[in-house]
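Structure, as structure tokens:
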Amino acid sequence: MKITLAGSPGSGKSTLRKLLAEHYGLSTKGTGDFMRELSAKYGYSDITQFLVEYVSEHPEVDHQVDEEQRIYGKENDDFVLDAHLGFHFVPDSIRICLICDLEEAARRILDDSGRTTESATNIKDSIDSSQQRRDTMHKNFLSLYQVDIDDHSNFDLVLDTSRLTSVEVFEKVTDFIDSLST
């Protein structure tokens, strides 16, 4: 089973990725993790700043990450891939998109002590940073691949997580996945 997760920052992709992997016995891959590692390598402590200032001017970084997704999807069968363009590079996957109200997503990001590559310290800065990050990714992916990450027709399931707990998101997604095999 191949599952790709896309969605806005703070929508719950990383949490869902872990839950799905555990539930279905799948391996995981997350391009956000790879991007965070690259941002540190290039001297950026904030991933949004890295995306806006560096990646926008150096498309080879996106190409490197995206080629890894394509190869991973082709060479592996049982995984959850947390990647904004995973649906595009692994077209034979179950393609899931999580969306979330910007303020709620910003709050989640601020409350996540595990996020060390985001510099916002208040809700307004977190909202601005999330919006800027999303806008930059949208622009870059349209320019590089002519792919609109906001076009919901790219996905098998689009789920608004704004008012859902991680358990509720997990239940809705697993119900959907399980319905595909019946």
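No value in this document is a laboratory result; all are computed from the given coordinates. In this text, all values refer to a predicted model and were calculated from it rather than measured experimentally. Here the Cβ positions follow ideal geometry from the backbone for every residue, glycine too, while neighbour counts run over all protein chains shown.
Filter region 13-27 for residues that are in contact with a Phe, Trp or Tyr (Cβ under 9 Å, 6 or more places away or on another chain) and under 26 Å from Leu102 (Cβ atoms) and give the result. Can you show your working first?
Quick first cut of region 13-27, residues in contact with a Phe, Trp or Tyr (Cβ under 9 Å, 6 or more places away or on another chain) only: 15-16, 19-21, 23, 26-27.
The answer is Thr15, Leu16, Leu19, Leu20.
Any residue that is hydroxyl-bearing (Ser, Thr, Tyr), in contact (Cβ under 8 Å) with a residue 40 or more places away in the chain and surrounded by 19 or more Cβ atoms within 10 Å (Cβ to Cβ) - is there at least one of those in region 174-181? Reasoning before the result, please.
Of the residues in region 174-181, the ones hydroxyl-bearing (Ser, Thr, Tyr) are 174, 179, 181.
This time we only want the ones that are in contact (Cβ under 8 Å) with a residue 40 or more places away in the chain, so: 174.
Now drop any that are not surrounded by 19 or more Cβ atoms within 10 Å (Cβ to Cβ), which leaves none.
So far as region 174-181 goes, no, none of its residues is hydroxyl-bearing (Ser, Thr, Tyr), in contact (Cβ under 8 Å) with a residue 40 or more places away in the chain and surrounded by 19 or more Cβ atoms within 10 Å (Cβ to Cβ).
Do we find a residue being among the small types (Gly, Ala, Ser), outside any helix (DSSP H, G or I), on the phi > 0 side of the Ramachandran plot and surrounded by 18 or more Cβ atoms within 10 Å (Cβ to Cβ) anywhere in region 9-25?
Residues of region 9-25 among the small types (Gly, Ala, Ser): 10-12, 14, 21, 25.
Checking the rest, the ones that are also outside any helix (DSSP H, G or I) come to 10-12, 25.
Applying the additional criterion that residues be on the phi > 0 side of the Ramachandran plot yields 10, 12, 25.
Still in the running and surrounded by 18 or more Cβ atoms within 10 Å (Cβ to Cβ): 10, 12.
Looking for residues that are among the small types (Gly, Ala, Ser), outside any helix (DSSP H, G or I), on the phi > 0 side of the Ramachandran plot and surrounded by 18 or more Cβ atoms within 10 Å (Cβ to Cβ), one finds at least one in region 9-25, hence yes.
Got a number for residues in region 143-179 being under 18 Å from Met35 (Cβ atoms) and in a helix (DSSP H, G or I)? Don't jump to the end; show me each part of the working.
The initial filter retains those residues of region 143-179 that are under 18 Å from Met35 (Cβ atoms), namely 143-145, 147, 149.
Subsequent filtering for residues that are in a helix (DSSP H, G or I) retains 143-145.
Adding up the residues that qualify gives 3.
Does Ile127 meet the test of being surrounded by fewer than 15 Cβ atoms within 10 Å (Cβ to Cβ), without any contact (Cβ under 8 Å) to a residue 40 or more places away in the chain, assigned to a helix (DSSP H, G or I) and aliphatic (A, V, I, L, M)? I'd like the intermediate steps shown before the answer.
On the way: surrounded by fewer than 15 Cβ atoms within 10 Å (Cβ to Cβ): no; without any contact (Cβ under 8 Å) to a residue 40 or more places away in the chain: yes; assigned to a helix (DSSP H, G or I): yes; aliphatic (A, V, I, L, M): yes.
Against the criterion (surrounded by fewer than 15 Cβ atoms within 10 Å (Cβ to Cβ), without any contact (Cβ under 8 Å) to a residue 40 or more places away in the chain, assigned to a helix (DSSP H, G or I) and aliphatic (A, V, I, L, M)), Ile127 does not qualify.
Could you list, in sequence order, all residues of region 51-96 that are of a type in the set (Phe, Trp, Tyr) and farther than 19 Å from Gly25 by Cα? Show your work before the answer.
Kept after step one, since they are of a type in the set (Phe, Trp, Tyr), are these residues of region 51-96: 54, 72, 79, 87, 89.
The answer is Tyr54, Phe87, Phe89.
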